[in-house]
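Everything on this sheet refers to the single structure shown next.
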Amino acid sequence: MKEDFLKALEFRHACKIFDSAKRISDDDLRFILEAGRLSPSSFGLEHWHFIVVQTQGLKEKLKEACFNQVQLSTCSYAIVIAAKVDALRPGCEYVEARFAKLSDSPEMLNFIRSFYADYYAGIDVRQWSVTQCHIAATNMMSAAAFIGIDSCPIGGFSTPKVMDALGLDREQYDIGLIVPIGYRLNPQPSKNRLAFDKVVEYR
Ligand SMILES: Cc1cc2nc3c(=O)[nH]c(=O)nc-3n(C[C@H](O)[C@H](O)[C@H](O)COP(=O)(O)O)c2cc1C
């Protein structure tokens, strides 16, 4: 069990080119998206909106918006994780609906509302939302690796170009990350990570 999970993490790498002749099944795509949907999020606000890009025309437009990275044109699907922005305003309908799931107690809800309003006032909301999307991306990439599917986190993009390609409104969304998925064309390079004791400290 533990070994299976670690094996998946070893298998996952930033795949630089996919085999465009191999396509991911609908069932596997659904499994990967479910792993994203079930991710944790700050205040339970589920900051993400997953846009599954499947047509070649749109993949080519994304590729151009991502400095011509070929992962975008060779993948089976490119999952664009749009980061909610406008929906996160304190008191707005979306936030109220999410908070209503957190507690039945009016006192507790008022406490959460006021705590959230203070928190919100002190942060960069776009950056915060994008960070939450990275968590969903990680879960999807790990889930994909667990069933032998490759991916690449793509943060190298022009946000306005991606927004234009998908017709997204800058007031409503930012771009969290793009995760193309598919099957690798080439063997993966060896893992290059700092040693355990260089990154872990016990106190
Ligand atoms: C937020 C983020 C953005 C990234 N953007 C890109 C990218 O635009 N293109 C790319 O090829 N790799 C990208 N990567 C992949 C990293 O370069 C890669 O994960 C790192 O070099 C470690 O290699 P590995 O994932 O193959 O083990 C990104 C990774 C992260 C976490």
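The values are calculated or read from the model by the stated rules, or taken from the named source; none is laboratory data. Keep in mind it's a predicted model, so treat the numbers as computed, not measured. For neighbour counting, all protein chains shown are included, and Cβ atoms are generated from backbone atoms with ideal geometry for every residue, glycine included. Protein only, heavy atoms only, side chains kept; ligands, DNA and RNA dropped before computing areas. Shrake-Rupley method; radii C 1.70, N 1.55, O 1.52, S 1.80 Å.
Per atom type, the chain shows carbon and sulfur on 55% of its accessible surface, probed at 1.4 Å. Give me the net charge for the shell around Ala87: Cβ to Cβ below 13 angstrom, other residues only, Lys and Arg +1, Asp and Glu -1. In short, -3. Within a straight-line Cα-Cα reach of under 22 Å, Lys198 can be paired with the following lysines, leaving aside sequence neighbours fewer than 8 residues apart in one chain: Lys7. Rounded to the nearest 5, what % of DSSP beta bridges with both residues in the chain are antiparallel? Percentage antiparallel, nearest 5: 95. Listed by chain and number, the aspartates and glutamates placed with their C-alpha closer than 14 angstrom to that of Lys61 are Asp164; residues fewer than eight positions away on the same chain are left out. Here's the list of lysines a cross-link from Lys59 could span, going by alpha-carbon distance under 26 Å and ignoring same-chain residues fewer than 8 apart: Lys16, Lys22, Lys84, Lys161.
Amide H contacts under 5 Å for Ile175: Ala83, restricted to partners 5 or more places along the chain or on a different chain, H placed in the peptide plane at 1.01 Å from N. Summing Cβ point charges (Lys, Arg +1; Asp, Glu -1) relative to the Cα centre of the range 46-203 gives a dipole of roughly 620 debye. Candidates Tyr94, Met163, Ser76 compared by Cα position along the dipole of the range 7-186: farthest toward the positive end lies Ser76, with charges placed on Cβ. Normalised per residue, the accessible area of the range 7-186 is 49 Å², obtained with a 1.4 Å probe and no contribution from ligands, DNA or RNA.
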